[in-house]
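Here is the structure we will look at, set down as structure tokens.
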Amino acid sequence: MQELFNTNQSKVVLARFKTKIDGLTPTNDFETSRNSLIRLVVNSMEVNPDQWNGQCQINIGWIGDHFINRLSDEEKELNKERLDDICSMCFRFLFELYLSIKNDLSMEFEQARRFVFNNLEEFEHDAREQIEYAIRDMPINILKQLSNNEAIDSIKDFNKVSAKAQELKSNWDQEIEDKEKEVNRLKEALDEYKTAFNFVGLYDGFDDLAKEKNKELKGLSRGLKVMAIVVVCPIIAELVLVYLPCVSTCIHTPAQ
């Protein structure tokens, strides 16, 4: 960024010219308003150089040095033609400031801008051409220069990168959504398998229990059979002991 208004030379030139303007005696209302515009802009450039440097880079590049040299020229008289010319350059800087800032101009600057619009025919020929150029063509030329600026190219490249990033993000979002659907589908399948495995496990458990109970039943049946034999054997033995002597007596007793 070119820093025209905050150099020591420029500050000295602006302060001295402001003093010169204050020492002039206008002859009519036009000259009074014109000189007030010049003083207003020059004083603001001296007091707020960063604002003018930041917002008026186009005209600083085009007429900045010429403007400071014009103000510092001690040899030429401050006649109407020269003051009109200086006023037209002040207007160019003021109009670029107006185009560059987001907010409206201050009331004093807006009144100065309207003064030039409303009194264009009062200016000398060369100054009038400069003002007409500023109003008609300068905004387009400023836009053209800005559009070809390296910073604008960087912004354009950034926009391309941003668009590409947005496209990639959309693709990633879609891919994530597809993966999420696939994961949910696998989860549902696993839940089904888990239910099936649980059922099979439950069936196997009941089957093992049934087998175990069958074994227990067979063992119990054999036990009962053994117990039955054990219970019957003493009865049989007692019967044998009771009836066997009787049978023997009947056999050995002779008939009469």
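No value in this document is a laboratory result; all are computed from the given coordinates. Small disclaimer: the values here were computed from a predicted structure and weren't measured. Because the Cβ atoms are built from the backbone with ideal geometry, glycine has one as well, and the counts that use them run over all protein chains shown.
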Estimated distance in nm for a label pair at Lys181 and Cys233, the labels positioned 7 Å out from Cα along Cα-to-Cβ: 8.0
Asp73 paired with Leu143, simple spin-label distance in nm, labels 7 Å along Cα-to-beta-carbon: 3.4
Where labels lie 7 Å past Cα in the beta-carbon direction, separation of Glu192 and Lys102 in nm: 5.8
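Return a whole-number percent for the relative contact order of the stretch 8-148, with Cα pairs under 8 Å and 6 or more residues apart as the contact set.
Details: 97 pairs, mean separation 38.9, N = 141.
Relative contact order for the stretch 8-148 comes out at 28 percent.
Ranking request for peptides 132-139, 50-57: highest mean number of other beta-carbon atoms within 10 Å first, then the rest in descending order. Before the final figure, lay out each step's value.
Values: 132-139: 14.6, 50-57: 18.5.
Ranking, from highest mean packing down: 50-57, 132-139.
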Residues Gln174 and Met1, FRET efficiency given R0 of 45 Å [Cβ-Cβ distance, rounded to 0.05]: 0.55
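Asn48 to Lys11: extension gain in nm, 0.36 nm per residue of separation minus the Cα-Cα distance? Don't jump to the answer; show the numbers that get you there.
Values: separation 37, 0.36 × 37 = 13.32 nm, distance 1.07 nm.
Roughly 12.3 nm would be gained on extension.
For the cross-link pairs Lys11/Lys102; Lys20/Lys102; Lys102/Lys144, which exceed 29 Å when the distance is taken from alpha carbon to alpha carbon?
On the way: Lys11/Lys102 27 Å; Lys20/Lys102 33 Å; Lys102/Lys144 19 Å.
With Cα atoms farther than 29 Å apart: Lys20/Lys102.
Could you compute the net charge surrounding Ala127? Neighbours are other residues with a C-beta less than 14 Å from the C-beta of Ala127; K and R count +1, D and E count -1. Walk me through the numbers on the way to the answer.
Numbers: positive: Arg34, Arg70, Lys80, Arg82, Arg92, Arg128; negative: Glu31, Glu81, Asp84, Asp85, Glu121, Glu122, Glu124, Asp126, Glu129, Glu132.
Summing Lys and Arg as +1 and Asp and Glu as -1 gives -4.
For His125 and Asp65 in one chain, what is 0.36 nm times their gap in residues minus the Cα-Cα distance, to one decimal in nm? Don't skip to the answer; put the middle values down first.
Numbers: separation 60, 0.36 × 60 = 21.60 nm, distance 2.22 nm.
Net length gain for the segment: 19.4 nm.
Arranged by the count of other C-beta atoms within 10 angstrom, fewest first, what order do Ser147, Ser33 take?
Ser147, Ser33
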